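Contents: one structure, followed by commentary.
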Amino acid sequence: MPPAIKIEGLTKRFGDNVVIERLDLTIQPGEVAVLQGPSGVGKSTLLRTLTYLEPFQAGRILLGELELSAGMDVRKERARIRAARRQTGFVFQFFNLFPHRTVLENLMLGPVQVLKLPLKQARAEALSLLERVGLAEKAGAYPAALSGGQQQRVGIARALAMHPRTVLFDEPTASLDPDMKQEMVQVIREFAKDKLTLLIVTHEPAVIESIATRVIKLGPRCAILSDQRNHVSG
Amino acid sequence: MRFFPPKLFYGLCFLGLILSLGAPVYAADAWDAVRKTGELRWGGDSAGGAPYVYADPENPKRMIGFEVEIMDQIARQLGVKAVFVDVPWDDLVPALLRHNFEIAFNGLEITPGRLEVIQFTQPYYFFSAQITVRKEDGRMTGWQDLEGKKTGTLATSFTQSLLEQNKKIEVVTYPGPVEAYHDLESGRVDAVLFDAPMASFYVPQNPRLKNIGVPVGEGMYGGGIAKDSPELLQRVNGALRELIRSGEIERIYRRWHLWDERQENLKEAASLSEKSRPQAGLAQYVPILLQGAAVTVLLSCFSMALAVFLGFFLCLAKLYGTRPVRWLANIYIEVIRGTPLLIQLYLLYYGLPNLGIQLSAMTAAVLGLGLNYSAYEAEIYRAGLLAVPKGQEEAARCLGMTGWQTLWYVLIPQAARMALPPSTNDFIALFKDTSLVSVITVMELTRAYNQAATRTYRFLELGLLTALLYFLMSFPLSLWARSLEKKQHAAGY
Ligand SMILES: Nc1ncnc2c1ncn2[C@@H]1O[C@H](COP(=O)(O)OP(=O)(O)OP(=O)(O)O)[C@@H](O)[C@H]1O
Ligand SMILES: [Mg+2]
């Protein structure tokens, strides 16, 4: 089985600002890896390059069999980039739910438009996902009517509705109140049981202690300072 | 912001409508003056005015003539006194419009041209024109002989236009018959064409002149009344009908040797004029204005549809197009926004035919307004799209959506929400700008107003009514735009 994510010699600059310099990193399928590091070190940028939200200057990224490389012609490789994104979910710090769509529609939009699932099936799957994140009764609500924690749970469900192999989390609990963090941790733990690969940028101790199988500490220019296996307690 | 409740608003508007319809009119119906003063002033030209109106040779202070007698009878029917006002004949209509008298009653032919500026009573005499030549002039036998000859006639009269239809006739105009017959005698002109009543009065008195051929052409004399006086018109018509029905008018014409079989038509004309609805004043123009309002609404909707459609693609071209496409879209938008709509309309309607492209007025109007507003719409949509948070596009992209899917399912719905209030405001502006297309002959509300007002001279009341119509249509829209803005504010995106 190929690695879920294989990063080779990745370099990313914003002008003169070198954010990632020749990074090599491999994540195996089923791993729950936590990324840590001081603010501004480039954690978000790293996640964004993995789904090609940010192009990069050197190196390549393998997502399963799909290869994204620094020199590729974005116009010609559109389909490949979309395929990479389809199999890689992204959970944003600030949720980025679609405000003009109900919770259920937020979950169905991708499966229906991108995966071309029949409406009925997409709906059934979306409802069961909402059940799993404990928001079944909010299916018809608009995002604006939800609390931050509820919105983030919808964000996670939306990513999972696409049947991704890997899910990237960018500080999923950072913008939440303490007790909401707790329910988020529960949800992430729930999905970690599936054979998903998770890459989570977080400083949340509960996540690190009870969910993570691997903790990677990043320094300046995303240099790997430490990379430890973790024995999950829960 | 608070507004007074809609019920009250429409109540006020209704009140305004009633007031503007029934309000006392600043340029009152001439009948009011007649009733107040007890005098019906009528205008005519006594110089060479026989047998219509002229100074009695035995008592030059007294006016006689068949029109004097008819006017006396009309005044009596109306219970007032007829007062004669002497003006040069070709100044009759302008003097009437200056309110020098209430009715022009002096062989004034009913012509389409005059009907544009004044209204006429029902006809009181059917006339034809008579050619007169010198007695010894054997060349002249009829109408066909006038070609190539100098022919005199009355200035601004029906006979003048009759003569001018034949370009080969050299027309010489005179202020009255006396001068014309004099010039005929002295040889300055070869023939004279005047209304038959004049010819049959003057020519037999003059041994050196003769009438030739059969009377030509046919016309009607009517009393001229200003268009702002429907009431006076109605009353004078009533009096005239009475004179015709009672045979009084026939007695007058017979005394003046003017009765012929043509005048039998007077009775039919009388019954026709009775059937025709009396002028109802302002209320009569309400349907015309409403029709104009309907055209305005249609015009606005079609133009806006075009503007939205074009604006949408312009905006996409500007945001996502390749460099030359962006460049073209920019030039289009800047040129459209930097030139007056009026000029654009003129170019489309009057300019394009020079290139062989002939647009109907309505097409040119919709095209002009639509093209113009598309530039503004494009900018609104662009601002709307740019205002959608970046994270929305990223979230959509992360689901694997294509650019179009992202645009269609995520960005446009949110941008549309933001663009709706300014777009509605633009629609209101466009709605009012439709008044500009009146310059390219589209019969919309403003042009309907213009026509109604120039016919009735009631610029003020009709103007207020028209403004009210515009307002009644645009205000609900602007309320809607405001409530949209408020809702959007509440929704927070
Ligand atoms: N779009 C951008 N344009 C220019 N510079 C950027 C951009 N995005 C990020 N950066 C820069 O890249 C660096 C890394 O930013 P990034 O957001 O990845 O850090 P981070 O590790 O996620 O920090 P935090 O913990 O605060 O979220 C920062 O110096 C930032 O200024
Ligand atoms: Mg970050």
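Readers should treat all values here as calculations from the given coordinates under stated rules, not as data from a laboratory. The shown structure was predicted, so the numbers you read here are calculated from the model rather than taken from an experiment. Note that each Cβ is placed from the backbone with ideal geometry, even for glycine, and that neighbours are counted across all protein chains shown.
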Open item on the list: With the cut-off at 1.5 for a/c, could you classify region A:1-143 from its C-alpha gyration tensor as rounded, prolate or oblate?
Closed with: prolate
- [ ] First check a/c for the protein assembly as shown, with a ≥ b ≥ c the square roots of the eigenvalues of its C-alpha gyration tensor; if it is under 1.5, answer rounded, and if not, answer prolate when a/b is larger than b/c or oblate otherwise.
- [x] prolate
TODO: Mind scanning A:181/B:390; A:6/A:195; A:116/B:318; A:138/A:181; A:193/B:390; A:43/A:195 and naming the pairs with a C-alpha gap bigger than 21 Å?
DONE: A:181/B:390; A:116/B:318; A:193/B:390; A:43/A:195
TODO: Please give the calculated 222 nm ellipticity per residue for chain B, where each DSSP H segment of at least 4 residues contributes -39500 (n - 2.57) and the sum is spread over every residue; nearest 500 deg cm²/dmol?
DONE: -17500 deg cm²/dmol
Open item on the list: What do you get for the angle between helix B:459-491 and the principal long axis of chain B? Use alpha-carbon atoms, 0 to 90 degrees, nearest ten.
Closed with: 10
TODO: Taking chain B as the reference, fit the longest principal axis to its C-alpha atoms, fit the long axis of helix B:323-337 to the helix C-alpha atoms, and give the angle between the two in degrees, 0 to 90, nearest 10.
DONE: 40
Open item on the list: Which of the three applies to region A:124-191, rounded, prolate or oblate, going by the alpha-carbon gyration tensor with a ≥ b ≥ c and a/c under 1.5 meaning rounded?
Closed with: oblate
- [ ] May I ask you to order B:218-224, B:117-123 by the average number of other C-beta atoms within 10 Å around their residues, highest value first?
- [x] B:218-224, B:117-123
Task: Coarse-grained scattering of region B:283-490 at q = 0.10, 0.15, 0.18, 0.19 Å⁻¹, given as base-10 log I(q)/I(0) from a Debye sum over alpha-carbon atoms - done: -0.53, -0.99, -1.23, -1.30
TODO: Run down the lysines and flag those whose C-alpha is under 18 Å from the C-alpha of residue B:168, throwing out any fewer than 8 positions away in its chain.
DONE: B:149, B:150
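When the helix-only estimate is applied to chain A (DSSP H runs of n ≥ 4, each -39,500 (n - 2.57), divided by the residue count), what is the mean residue ellipticity at 222 nm, nearest 500 deg cm²/dmol?
Computed mean residue ellipticity for chain A: -10000 deg cm²/dmol.
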Task: Among beta bridges that DSSP assigns inside the protein assembly as shown, antiparallel share in %, nearest 5 - done: 55
Task: Under-5 Å amide H pairs with residue A:26, H placed in peptide plane, nonlocal only - done: A:7
